[in-house]
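Below is one structure, written out as structure tokens, with a few remarks after it.
The values are calculated or read from the model by the stated rules, or taken from the named source; none is laboratory data. Since the structure is predicted, the reported quantities are computational estimates derived from the model, not experimental observations. Note that each Cβ is placed from the backbone with ideal geometry, even for glycine, and that neighbours are counted across all protein chains shown. These area figures cover heavy atoms from the full protein model, side chains too; ligands, DNA and RNA do not enter into them. Shrake-Rupley method; radii C 1.70, N 1.55, O 1.52, S 1.80 Å.
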Amino acid sequence: MGRPKRNVRAAGEETLTPPPSLTPTQSIVRVIKPEGNNLYTCALPGGQDAPPLLLELAQRFRNTIWIKRGGFVLAERYVEKGEETRAEGEIVNVVGDERAWRKQHYW
């Protein structure tokens, strides 16, 4: 049985509106490549000198929103990395409407 359409629409609409501000642990990153099992390698905005991050996709976006290589996502880094996961953070939002997101002061 598939997901109800209201959940799919809600997840899609959530990606269109950017948050008003970011917390200190959040940043906008570019997806380099998918690693499988809802894990993605992402690059920080620091450029070549910053090491890539391994991020996992939030549960509400799994099997609903597809992330393409080179796209932008909003990542939240874990404060304390747990032993049970190798991910360094979580993808909490996907940049859907890039024009609206670029108008924000934190971009």
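Data table
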quantity	calculated
Identity of the residue in segment 54-85, of a type in the set (A, V, I, L, M) and over 21 Å from residue 104 (Cβ atoms), that ends up most open to solvent (accessible area, probe 1.4 Å)	79
Residue among 24, 34, 20, 45 that is in contact with a Ser or Thr (Cβ under 9 Å, 6 or more places away or on another chain) and open to solvent by 90 Å² or more (accessible area, probe 1.4 Å)	45
Residue list for segment 19-43, restricted to those being over 12 Å from residue 73 (Cβ atoms) and either hydrophobic (A, V, I, L, M, F, W, C) or in a loop (DSSP other than H, G, I, E, B) (or both)	19, 20, 21, 22, 23, 24, 25, 37, 38, 39
Check on residue 106, of a type outside the set (A, V, I, L, M, F, W, C) and within 14 Å of the chain's Cα centre (by Cα)	no
Qualifying residue in segment 36-46 (condition: within 17 Å of residue 96 (Cβ to Cβ) and out of contact with any Leu (no Cβ under 6 Å at 6 or more places or on another chain))	no
Extreme residue, modelled with the highest pLDDT, among residues of segment 53-65 that are in contact with a strand residue (DSSP E or B) (Cβ under 9 Å, 6 or more places away or on another chain) and outside any strand (DSSP E or B)	58
